[in-house]
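S.K.: Starting off with a structure, shown below.
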Amino acid sequence: MSENQNKIALVTGASRGIGKACAIELAKAGYDIAITYAGNDEAANQTIEELKALKVKAKSYKFNIADKEACSNAAEEILKDFGHLDVLVNNAGITRDGLFMRMSAENWEAVINTNLNSAYYMTSQIIKTMIKQRSGCIINMSSIVGKMGNAGQANYSAAKAGLIGFTKSLAKELGSRNIRVNAIAPGFIQTDMTKDLDTEKIVEHIPLKRLGVPADIAKTVKFLAEDAPYITGQVIGVDGGLVV
Ligand code: NDP
């Protein structure tokens, strides 16, 4: 990136929750921001307003991240709108929990497509730009369950473990091009995704004795993007000490 070029970040699934916090933290660090989302226009518009209040360029893109062609079209539009890309946060994700014996193929595929294949779809579209500019930072949102598994989440754990393998392999392939690739493994973070969990029981097992908040993850994203030039191929646990 030349010195007078703006820094650009793309955060998928950033209408709310962790993605929104990441977008805001990166905007505070001076990045222009592209966010993507599935359908919640009200939340996405609210996020865009908050980003613009930070005096950065911000634009939202609504499409299904599980759809290869939609990702390809959106990535093309984003690169046209913003010119280049410095940081990609592959964050969008869903859960479709249930014991494996009763897990439908539909729920398996929905989670794998939305949480794992989406990272391939988006990364494969933007990687040429990063290779050409000989710099870039890719952050994949994994999970503690990608490291330790979880009963009732075979689909989600497989997707999140897949992101870890993807991260480590890409880091090895792209290091020589000055592109860093890392994953974050959040523990239990207070968002819509976790709002129905019995948090009292969970907190008992967390050494720091609280649930995480989206800002805990966002600060780590900003650290990886801005202050970690010699960190690549890593999985950073942000879980209050739950998995050590
Ligand atoms: P939320 O449910 O709060 O937000 C999900 C985001 O992803 C929204 O912006 C949503 O858009 C978007 N999204 C969902 N499905 C699609 C789709 N098919 N196409 C495009 N966008 C989509 O989730 P969190 O913020 O809690 O989670 C963010 C990431 O962090 C996920 O990958 C999750 O697996 C991971 N994570 C979360 C943890 C937690 O405790 N919360 C723990 C570990 C990992 P819209 O608003 O339009 O629906």
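The values are calculated or read from the model by the stated rules, or taken from the named source; none is laboratory data. Predicted model only: the values in this text are computed from it and were never measured. Don't worry about glycine lacking a Cβ; one is built from the backbone with ideal geometry, like all the others, and counts go over all protein chains shown. When the accessible area is computed, the model is the full protein with side chains, heavy atoms only, and any ligands, DNA or RNA have been set aside. Shrake-Rupley method; radii C 1.70, N 1.55, O 1.52, S 1.80 Å.
S.K.: So which residues in segment 143-170 are closer than 14 Å to L242 by Cβ and not basic (K, R), if there are any at all?
M.R.: Within segment 143-170, S143, I144, V145, G146, M148, G149, N150 meet the criteria.
S.K.: A further question follows. Which of (1) polar (S, T, N, Q); (2) free of Cβ contacts under 8 Å to residues at least 40 places away in the same chain; (3) more than 17 Å from V11 (Cβ to Cβ) does Q153 not meet, given it meets every other one?
M.R.: (2)
S.K.: I'd like to check which helices (runs of 4 or more DSSP H) are fully inside segment 154-244 and have at least 1 residues that are within 11 Å of the ligand (Cβ to nearest atom) and open to solvent by 30 Å² or more (accessible area, probe 1.4 Å).
M.R.: 199-204, 214-226
S.K.: Residues being closer than 23 Å to R96 by Cα and among the small types (G, A, S): count how many of those fall in segment 191-236.
M.R.: Within segment 191-236, residues that are closer than 23 Å to R96 by Cα and among the small types (G, A, S) number 1.
S.K.: What do you reckon, is I48 buried (at least 19 other Cβ atoms within 10 Å of the Cβ), more than 12 Å from the ligand (Cβ to nearest atom) and at pLDDT 95 or above?
M.R.: In short, no.
S.K.: Which one of these does V56 not meet: (1) within 10 Å of the ligand (Cβ to nearest atom); (2) over 19 Å from T123 (Cα atoms); (3) surrounded by fewer than 23 Cβ atoms within 10 Å (Cβ to Cβ)?
M.R.: With (1) within 10 Å of the ligand (Cβ to nearest atom); (2) over 19 Å from T123 (Cα atoms); (3) surrounded by fewer than 23 Cβ atoms within 10 Å (Cβ to Cβ) applied to V56, the lone miss is (1).
S.K.: Please list, ordered by first then second residue, the pairs with beta carbon atoms under 7 Å, 6 or more apart or interchain, first in segment 216-244 and at positive phi and modelled with pLDDT of 95 or more, second surrounded by fewer than 17 Cβ atoms within 10 Å (Cβ to Cβ) and in a loop (DSSP other than H, G, I, E, B).
M.R.: Qualifying pairs under 7 Å: G240/P207; G240/L208; G240/R210; G241/P207; G241/L208.
S.K.: Quick one: count up the residues across segment 10-23 that are farther than 11 Å from V221 by Cα and either outside any helix (DSSP H, G or I) or away from the ligand (no atom under 13 Å from the Cβ) (or both).
M.R.: 6
S.K.: Scan segment 124-146 for residues that are within 11 Å of the ligand (Cβ to nearest atom) and assigned to a helix (DSSP H, G or I) and jot them down.
M.R.: V145, G146, listed by residue number.
S.K.: Restricting to segment 193-229, what's the tally of residues that are of a type in the set (S, T, Y) and more than 18 Å from V89 (Cα to Cα)?
M.R.: 2
S.K.: Condition test on L26, is it assigned to a helix (DSSP H, G or I) and open to solvent by less than 20 Å² (accessible area, probe 1.4 Å)? Talk me through it step by step, then tell me what you get.
M.R.: Numbers: assigned to a helix (DSSP H, G or I): yes; open to solvent by less than 20 Å² (accessible area, probe 1.4 Å): yes.
Answer is yes for this residue.
S.K.: What is the residue count in segment 32-45 for residues that are more than 9 Å from the ligand (Cβ to nearest atom) and either under 19 Å from I126 (Cα atoms) or touching a helix residue (DSSP H, G or I) at 6+ places or on another chain (Cβ under 6 Å) (or both)?
M.R.: Residues meeting the conditions: 3.
S.K.: OK, next. Can you tell me which residue is farthest from the ligand (Cβ to nearest atom) among those in segment 100-123 that are of a type in the set (F, W, Y) and open to solvent by 50 Å² or more (accessible area, probe 1.4 Å)?
M.R.: For segment 100-123, the residue satisfying everything is F100.
S.K.: Moving to a separate point now. Any residue in segment 187-199 that is at negative phi sitting within a Cβ distance under 8 Å of a residue that is assigned to a loop (DSSP other than H, G, I, E, B) and among the basic types (K, R)? List the pairs, counting only those 6 or more apart or interchain.
M.R.: Every condition considered, the pairs that remain are T191/R16; D192/R16.
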